[in-house]
1. Once both labels are modelled 7 Å past Cα along the beta-carbon direction, what's the LEU133-LYS119 spacing in nm?
2. What is the magnitude of the charge dipole of the chain about its Cα centre, with +1 placed on the Cβ of each Lys and Arg, -1 on the Cβ of each Asp and Glu, and no other charges, expressed in debye to the nearest 20?
3. What do you reckon, how do PHE42, PHE111 stack up by accessible area (1.4 Å probe), largest on top?
4. What accessible area per residue, rounded to a whole number of Å², is obtained for the chain using a probe radius of 1.4 Å?
5. For the pairs LYS4/LYS27; LYS4/LYS76; LYS141/LYS176; LYS102/LYS149, note any where the Cα-Cα span goes beyond 30 Å.
6. Could you work out the pair-distance distribution P(r) of the chain from its alpha-carbon pairs, with 5 angstrom bin width and percents rounded to whole numbers?
7. DSSP loop trypsin sites (Lys or Arg not before Pro) in the stretch 109-146 with at most 14 other Cβ atoms within 10 Å of their Cβ, which ones?
8. Please report, as a whole percent, how much of the solvent-accessible surface of the chain comes from carbon and sulfur atoms (probe radius 1.4 Å).
Amino acid sequence: MEHKTVQASKVVISQLMLPSYTNFSGKIHGGYILSLLDQIAFATASKYSGNYCVTASVDTVDFVNPIEVGELVTMKACVNYVGRTSMIVGIRVEAENIQTGKVKHCNSSYFTMVAKNEKGESVEVPRLLLCNLEEVRRFYKSVQHVALKKQKDLNEDTFDYKSKEALENLSKYNVKLEM
């Protein structure tokens, strides 16, 4: 299997934020940003793998700062991790006030994408060639994320939410149980 660099996966898009993209508080709607995130994750994974890709999961979406109308939003994405058929795409979102030039970090996101062939079957992706310590850091951060995700899935499979202890434990939370 061939190797590809992280650099070979990089995609950058910029878009001016228009009033039609706002939510009820006048900020850019998070759902609109999620749509752009999914598009750039698709482009990044497809560019890297050379195949059509689908979103397997949206692993993390951290909204750090709001985006204002009139700001220039730039999304920078690259493949941080590869499995056999999957890739974790990391995306950084920045917004620039085009009048002042001030840039702020607005969002960090991680999408798991899977490469598919014409029949819709998962296909192997190229191995990842890491070329600097920042790429190594991002790779290991993704390895940790994958391990935590597997542990979470295991806990969900074994946790008995119907048990007496689990039901009694609800008293610690801001809920009322009426059954």
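The values are calculated or read from the model by the stated rules, or taken from the named source; none is laboratory data. Predicted, not measured: the structure shown is a model, and the values here were computed from it. As a convention, Cβ positions derive from the backbone with ideal geometry for all residues, glycine included, and neighbour counts pool all protein chains shown. When the accessible area is computed, the model is the full protein with side chains, heavy atoms only, and any ligands, DNA or RNA have been set aside. Shrake-Rupley method; radii C 1.70, N 1.55, O 1.52, S 1.80 Å.
1. 4.7 nm
2. Dipole magnitude for the chain comes out near 320 debye.
3. PHE42, PHE111
4. 63 Å²
5. Exceeds cut-off: LYS4/LYS27; LYS141/LYS176; LYS102/LYS149.
6. With a bin width of 5 Å, the distribution comes to 1, 8, 14, 15, 14, 12, 11, 10, 7, 5, 2, 0, 0.
7. Here the trypsin sites (Lys or Arg not before Pro) that fit, given the DSSP loop and packing criteria, are LYS119.
8. The nonpolar share, carbon plus sulfur, comes to 54 percent.
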